[in-house]
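One structure below.
The values are calculated or read from the model by the stated rules, or taken from the named source; none is laboratory data. It should be emphasised that the depicted structure is a prediction, and the values quoted were computed from it without experimental measurement. So basically every Cβ, Gly included, is an ideal-geometry build from the backbone, and we count neighbours across all protein chains shown. Surface accessibility is based on the protein's heavy atoms, side chains included, excluding ligands, DNA and RNA. Shrake-Rupley method; radii C 1.70, N 1.55, O 1.52, S 1.80 Å.
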Amino acid sequence: MKSPLLSLPGAVPAEGLDEGVAAHYGDLFREQRALADGTGFVDLSHRGVVTVTGDDRLGWLHLLLTQHVSELPVGEATEALILSAHGHIEHALYLVDDGTTVWAHVEPGTEDALIAYLESMKFFYRVEVANRTDDFAVVHLPAGSIAEVPEGVVVRETAYGRDLFLPRERLESFAGQAGPPAGILAYEALRVEHHRPRLGFETDHRTIPHELGWLGTAVHLQKGCYRGQETVARVQNLGKPPRRLVFLHLDGSEVHLPTPGTEIRLAADGPDGRRIGFVTTSVRHHELGPIALALVKRNVPVDAPLVAGATAAAQEVVVEP
């Protein structure tokens, strides 16, 4: 779905999974600084929007999600995952309940598969699942923003800012009064700075929540059974995940950033050393310079210098080995 805000001055379209919104509006670092200062907004209208209504909505979702949501307070934001039977991450949901409806935004293009799974699990529960992507656009206001939220708009408020479920017909008018726009690249740079994983970027077909630090925000370890719960409990109680998320400071003298999938090796092993991981997201940050998130083998020494392709990298621990 192509955003009407791509017609704003300076807008450069994003590519890949974020196609449909602006990568930037002509000044990447200015846009980052604005978001860090609590001004402006980010057009996330390419993301999927799914709602669940009905008297049983919270109890039913509680049975399916990794998060404890059976008593989710009205207006309280949370994150949750849906796992495969083997505990691998299939969906990531960013949720809020407004008292009658659970609203969730999800990665672009995943909403149909998510809805198909939810529909298959309805059984006798009093719930209705709907794809509202055509009707509502997600807009992000950074932490500290004083932009006025239109009356009646559902808001998901977190430590990183507010996500608005804005009627699509109001997107252009809201943009006109919400301050300077920032592109998805600015939003992503701050996401990487805060070590926040993203489905389809930090995940592959075998990722489990422990590898990304999602246990702290999207998984409740004391709740009852859900699909994949056995793997979560076994790894948490009896073992360690095979990989761990790390934050990388990249050599700033390199012209090009290592692309997602770039192989990581120990610097001491040279260019022919064995592969110990790969880059998941790389960005240019307005203060930190080139940085990245990466998945590496759990037993990689936490103080070992690394190379991502040909780029030197120093690691910071995100998930403890």
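Dimensions of segment 172-321 along the principal axes, based on C-alpha atoms and rounded to the nearest Å, stand at 49, 49, 23, largest first. Evaluated with a Cβ-only charge set (Lys, Arg +1; Asp, Glu -1), the chain carries a dipole of roughly 880 debye about its Cα centre, given to the nearest 20. Annotation: average projected area of segment 24-178 is 9.8 square nanometres, based on the convex hull of Cα atoms across all directions.
Cα convex hull, segment 51-139: 97 Å³ per residue, rounded to a whole number. Note on segment 1-56: dipole from Cβ charges, positive end direction compared against Val42, Val21, Ser7; the farthest Cα belongs to Ser7. For segment 115-187, the normalised intensity computed at q = 0.13, 0.24, 0.28 Å⁻¹ comes to -0.51, -1.13, -1.38 (log10 of I(q)/I(0), Debye sum over alpha carbons, equal scatterers, no solvent). In the full protein context, segment 1-148 carries 42 Å² of accessible surface per residue, based on a 1.4 Å probe and ignoring ligands, DNA and RNA. Seen from all directions on average, segment 236-309 presents a Cα convex hull projection of 5.7 nm². Using heavy atoms of the protein chains and a probe of 1.4 Å, the accessible area assigned to Ser3 is about 10 Å².
Per the Kirkwood treatment, what hydrodynamic radius in Å, one decimal, follows for the chain from the mean inverse distance over all distinct Cα pairs? It is 20.6 Å.
Most fluctuating residue of Val139, Val235, Val102 in a GNM of the chain with Cα springs under 10 Å: which is it? Comparing Val139, Val235, Val102 in the GNM, the peak value goes to Val235.
Result for the chain in a Gaussian network model with C-alpha springs under 10 Å: among Leu35, Leu288, Leu212, the largest mean-square fluctuation is at Leu288.
What segment 238-321 shows is 48 Å² of accessible area per residue, with the surface traced by a 1.4 Å probe over protein heavy atoms. Surface composition of segment 8-63: carbon and sulfur make up 54 percent of the accessible area, probe 1.4 Å.
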